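What follows is a set of notes on a single structure, which appears directly below.
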Amino acid sequence: MPDDARLLVADKSQDVGRAALDGLLQAQKSLPPWLFYDEEGCRLFQRITELPEYYLTRTERALLITVAPRVVSDFSRNDTGTVLIEYGASDESKADALLAASDATGGSVFGAYVPIDVAAPALNAMAARLRRARPDLVVHPIAADFLRPVSLPPALARLARLGFFPGSTIGNMRPLVAQRFLRQAQATLGPGARFLVGADLRKDPDLLIPAYDDAAGVTAAFNLNLLVRLNREAAADFDLTGFDHRAVWNDRESRIEMHLVSRHRQIVRVAGVAIPFAAGETIHTEDSYKHTEAAFEAIATAAGWTLSAIWTDPARLFALYLLEGPASS
């Protein structure tokens, strides 16, 4: 799961029924993760981030507060000013740790902030809050899917740039997709930019699996809500009592997988198409890759970045990676 509930949303014009059938008609049935995030899915995901088993959100926030002064120290000596560009920024809760950093004179390091997210209403609300809280900060929200090319405002061309991608959302991308995203981000951020990326670390499955299969059943409800959405928006007739939530560790791929498991043989109709299920057959709903530090560095290096620093929490649950791009293209 990404730490922001709207990060991997597809084009809003995409038909829910067609998107579902594209996956359900494959040998390994699947559903695209963007289907998770209807209104109820967003509400459930917010609850997940507050669960005792779900360590990712609170661990990353604590780590950010600790390392923010070191992340911005070089930028504080920049005479031209600095802009913070956050990918998937539906709220300012994590960026605040960086925006609050000051230089040796007590002034703000960042003169501008570019939050990029698909959810325009959330972006606009955040921009309004920041303009009240930080009147000296220039805010340029961009409503866009950051998995596609993004153009930054020309007015920021002379500023030094720090990209920011928190929440371990990069773990929801297959490694080659993550590499492609990092290469594209380098083109967006431009020569000499730096990029701070938060990513969950590979660890004992006994710690990982409860984060995706909590005792209170919130993650199970989040997963099953996919079927509720298909019943509502894709003329489906899923019986929720016929499916169970399952989270498994795939050691070979180094990822947590979420599945919905059919309890018995059944036929489900989706958008007028009959979909047969065998007992025990699964719908693969999400992957969350857990990279070692070396594996993440290999992905970043292949995308053209150089690893400048790694910070982890004391328990080595989570990492923040500071990447440096080439001085010129």
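Taken together, the values in this text are just the output of simple stated rules run on the coordinates, not laboratory data. Note that the coordinates shown come from a computational prediction; the quantities given were computed from them, not determined experimentally. Glycine gets a Cβ as well: all are built from the backbone with ideal geometry, and neighbour counts include every protein chain shown.
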Checklist entry - Does anyone have the angle between helix 218-233 and the longest principal axis of the chain? Alpha-carbon axes, 0 to 90°, nearest 10? => result 70
Checklist entry - Mind checking the dipole of the chain: about its Cα centre, +1 per Lys or Arg Cβ, -1 per Asp or Glu Cβ, Debye to the nearest 20? => result 540
Checklist entry - What are the ³J(HN,Hα) values, in whole Hz, obtained from phi via the Karplus relation 6.51 cos²θ - 1.76 cosθ + 1.60 with θ = phi - 60°, for each residue of the stretch 178-192 in sequence order, with x given for Gly and Pro? => result 4, 4, 5, 4, 5, 5, 5, 4, 4, 5, 5, 6, x, x, x
Checklist entry - Sorted by packing (mean other beta-carbon atoms within 10 Å per residue), highest first, where do 262-274, 28-40 land? => result 28-40, 262-274
Item to check | Relative contact order (%) - criterion: Cα under 8 Å, at least six apart; region: the chain | outcome: 21
Item to check | Compactness of the chain as Cα Rg over 2.2 N^0.38 Å, two decimals | outcome: 1.03
Item to check | Ranked Arg252, Arg158, Arg183, criterion: other C-beta atoms within 10 Å, fewest first | outcome: Arg252, Arg158, Arg183
Checklist outcome for this item: If one builds a Gaussian network model of the chain from Cα atoms under 10 Å apart, the most fluctuating residue listed among Ala279, Ala101, Ala127 is Ala279
